[in-house]
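Inspection log for the structure reproduced underneath, given as structure tokens.
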Amino acid sequence: MTFINYASREINCKIVYYGPGLCGKTTNLQYIFDSTAPQAKGKLISLATETDRTLFFDFMPLELGTVRGFKTRFHLYTVPGQVFYDASRKLILKGVDGIVFVADSQEERIDANIESLYNLEENLKAQGYDLMKLPYVLQLNKRDLPNIIPAQDLAGELQKKGEPVVEAVASNGTGVFDTLKAVAKQVLTELRKG
Amino acid sequence: MADTPILLREQQYHQIKAVLARLRMDSSARVVFLVDKDGQEIAVQGEVGNLDTTSLASLAAGNVAATGGMAQLIGEKEFPTLSHEGERESIHISVIGRLLLVVVFDERSSLGLVKLRSKQVAQQLAALFEEIANSGYDDLDSPFAEITDEDIDSLFS
């Protein structure tokens, strides 16, 4: 939920990266973290297992700059992708202002993408949200791998409502900031509507 | 659709800060802060120093959400308070509606005192927040009403 503090002239929004296990949600955050100036970011908190699978969530606050005299800060979260962490995923969607769905472009992950997208819609519904009305971006990740589905076909399969589709290779940063920008823009545009 | 934003006016912010300052003094705590259940820090008071309050706010909310999930699994609505006691520093969290009151304290205080004082201000904070949630937005000039696409683009330049 957006929080606007008129005393400290700050605005905070919450963006959640969603998607199947090992699709690159944490890699997106890690890249943003690594390429952001120290004064613009807080710590990257990663609650992961010993094998680097996200257990509860990753979190990083990112200060983008000032809009009309208000410091604009985005709180970026990822959810654990593995199917059995559904309870954690539900919790993290609370108060969400914008969602990025990170799809794994590899052929063998198409079912996992579809299942995760369905799970996103269900979990949003459980929190009283409707994906069709939320700021939303679809990222097609891992475009550098050999066995990928053509972008157009994958987007055709996963796109929900004409949302922006960004092709990405999160591990080298391709498309990472374009994705963030696309979702941030929608969140701020929502605020303009009031 | 996303939830309605929380708009915190200057006067309300200072009222909250005053309540937190008094609680901090009365409970001999190091830091006291108020967090929204979604993990947004609302106000903080005390010896913040190098403490990363943004991360702490997010983790406190995650902690409450997770234990709340456990509560429901065993047939409870939620656990209204959580305490974590360390060797030197400890944390006490009280759930007040959609707010979390987080008190960080050390050996200068005690869990009993922090619990008592937190309970005493809970109602006051709940009433203040109710007022915030119910006040109309008409008197506030939204900083975003006239935001342009260029403004948004400039954030990423």
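Taking the inverse of the mean 1/r over every pair of distinct Cα atoms in segment A:1-103 gives a Kirkwood hydrodynamic radius of 14.2 Å. Binned at 10 Å from 0, what are the whole-percent values of the Cα-Cα distance distribution for the protein assembly as shown, short to long? For the protein assembly as shown, the binned pair fractions read 5, 24, 33, 24, 11, 2, 0 percent.
Looking only at chymotrypsin sites (Phe, Trp or Tyr not before Pro) in DSSP loops with at most 13 other Cβ atoms within 10 Å, what is the longest site-free stretch of chain B? For chymotrypsin sites (Phe, Trp or Tyr not before Pro) (loop position, at most 13 other Cβ atoms within 10 Å), the longest site-free span of chain B is B:1-136.
Quick one: which of A:25/B:77; B:17/B:37; A:43/A:71 span more than 29 angstrom between C-alpha atoms? In this structure, A:25/B:77 lie more than 29 Å apart at Cα. Segment A:128-186: percent of C-alpha pairs farther apart than 14 Å? Counting every Cα pair in segment A:128-186, those more than 14 Å apart make up 57 percent. Could you tell me the calculated FRET efficiency between residue A:35 and residue B:127, based on Cβ-Cβ distance and R0 = 56 angstrom, to the nearest 0.05? Given R0 = 56 Å and the Cβ-Cβ separation, E is 0.80. Here is the result for segment A:116-182: no GluC sites (Glu not before Pro) lie in DSSP coil with at most 10 other C-beta atoms within 10 angstrom of their C-beta.
Percent antiparallel among DSSP beta bridges with both residues in the protein assembly as shown, to the nearest 5? Around 65 percent of the beta bridges assigned by DSSP in the protein assembly as shown are antiparallel ones. Projecting the Cα positions of A:128, A:84, A:5 onto the charge dipole of segment A:3-193 (unit charges on Cβ atoms of Lys, Arg, Asp and Glu, taken about the Cα centre) puts A:5 furthest along the positive direction.
Spatial offset of segment A:53-101 relative to segment B:62-132 amounts to 23 Å, using the alpha carbon center of each. Packing, as the average of other Cβ atoms within 10 Å across residues, places the peptides A:107-116, A:16-25 in the order A:16-25, A:107-116, highest first.
For the options B:46, B:75, B:112, a Gaussian network treatment of chain B with springs between C-alpha atoms closer than 10 Å singles out B:75 as fluctuating the most.
Equivalent-ellipsoid semi-axes (√(5λ), Cα gyration tensor) for chain B, whole Å, largest first?
30, 19, 17
Scanning residues 5 or more positions from residue A:22 or on other chains, those with amide H under 5 Å from its amide H are A:81, with H placed 1.01 Å from N in the peptide plane.
Read the figures in this text as sums done on the coordinates, not as results from a lab. Worth saying up front: this structure is predicted, and the values here are computed from it rather than measured. Quick reminder, even Gly has a Cβ in these numbers, built from the backbone with ideal geometry, and neighbours come from all protein chains shown.
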